[in-house]
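Participant: I have a structure here, written as structure tokens, and I will follow up with some questions on it.
The values are calculated or read from the model by the stated rules, or taken from the named source; none is laboratory data. Because the structure is predicted, anything quoted here is derived from the model rather than measured. Cβ placement follows ideal geometry from the backbone for every residue including glycine, while neighbour counts extend to all protein chains displayed. Side chains are part of the model used for accessible areas, which takes the heavy atoms of the whole protein and leaves out ligands, DNA and RNA. Shrake-Rupley method; radii C 1.70, N 1.55, O 1.52, S 1.80 Å.
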Amino acid sequence: MRRALVSGTLLLLCFSASVFAQSTATQAQDPADAGPFTVGVEALDWQLKDSPLPFPVVTDGVLGQADTHVLLGSQALSIDSRRGIRLSAAYALSDRFGLEGNLFRLGSRSASAGIESSGESGSTDLFFPYIDADTGQESAFRLSMANIYSGGAREELSNRLQGAELNGTWVLASDAPLRVDLLGGVRYLRLRETYMLTTHSPYLPALGSDTC
């Protein structure tokens, strides 16, 4: 889940940041247009790929048995579009050499899904599947049991992306109509992602609750 999200975001960042850096450097190196120092501010609206969740979280029985269905999990969580900001600056050391850098940040967003069972007569019993370490077979423990306790589960995925870069520019050729620039530097990216699963199974009638 993390690898897919990072790679998709990295491709988008590399493309957009490189194009903007080259255009900023071009402006900064032309004294008639912008002078030796320029700054820029951009509003970002990025669409990240869905985060896959390939494992089952809640079922209505033991996996592998007849008529057992996955009620939560085994599907992607979508966080939709993300808004943020990027600050950029460029400085022309001469008509051929320059420095430029930028930093950006996308705000934290989250997506969630859940399942509940009332525990009343005729309600669906919920199970949390796992592999029994002793037998190596599929097993499950109950989150809810009709007429004894209700139960439910909720999953939440949140992430945040930020980064920065510093580059040097060198104009290799500037004879019209051809211009060739060499761009090199360092780039930092940080993706912070959190997945949280909570469950509850209060007795009927209420005698307290178990939460994990």
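Participant: If we sort 121-131, 180-190 on the protection proxy, mean other Cβ atoms within 10 Å, highest first, what's the order? Could you put the intermediate results ahead of the total?
Facilitator: Details: 121-131: 15.7, 180-190: 12.0.
The packing order, highest mean first, is 121-131, 180-190.
Participant: Same structure again: Suppose R0 equals 45 Å; then what is the FRET efficiency for GLU120 and GLU193 from their Cβ-Cβ distance, rounded to the nearest 0.05?
Facilitator: Values: r = 37 Å, r/R0 = 0.83.
Working from the Cβ atoms, E equals 0.75.
Participant: Kindly list the residues of the stretch 49-77 that lie in the label zone of GLN137, defined by a backbone N under 15 Å from the point 7 Å along the Cα-to-C-beta vector.
Facilitator: 62-66
Participant: Another question about this same structure. List the residues, sorted by chain then number, that are 5 or more residues from LEU44 or on another chain and whose placed amide H is less than 5 Å from its amide H.
Facilitator: Hits under the 5 Å cutoff: GLY84, ILE85, ARG86.
Participant: Accessible area per residue of the stretch 43-122 at 1.4 Å probe, in Å²?
Facilitator: Numbers: 4440 Å² over 80 residues.
On a per-residue basis, 55 Å².
Participant: Largest first, please: the extent of the C-alpha atoms of the stretch 106-207 along each principal axis, to the nearest Å.
Facilitator: Here the Cα extents, ordered largest to smallest, are 83, 34, 24 Å.
Participant: On to the next question. Taking amide hydrogens as modeled 1.01 Å from N in the peptide plane, which residues meet the under 5 Å criterion relative to SER74, leaving out close sequence neighbours?
Facilitator: Under 5 Å from the amide H of SER74: PHE55, VAL57.
Participant: Which one, TYR91, TYR130, GLY107, is farthest towards the positive end of the dipole of the stretch 52-143 when Lys and Arg carry +1 and Asp and Glu -1 on their Cβ?
Facilitator: TYR91
Participant: Let me ask something else about it. Explain nothing, just the number: dipole magnitude of the stretch 104-212 about its Cα centre with +1 on each Lys and Arg Cβ and -1 on each Asp and Glu Cβ, in debye rounded to the nearest 20.
Facilitator: On the way: 9 positive and 13 negative charges, 140 e Å.
I would put it at about 680 debye.
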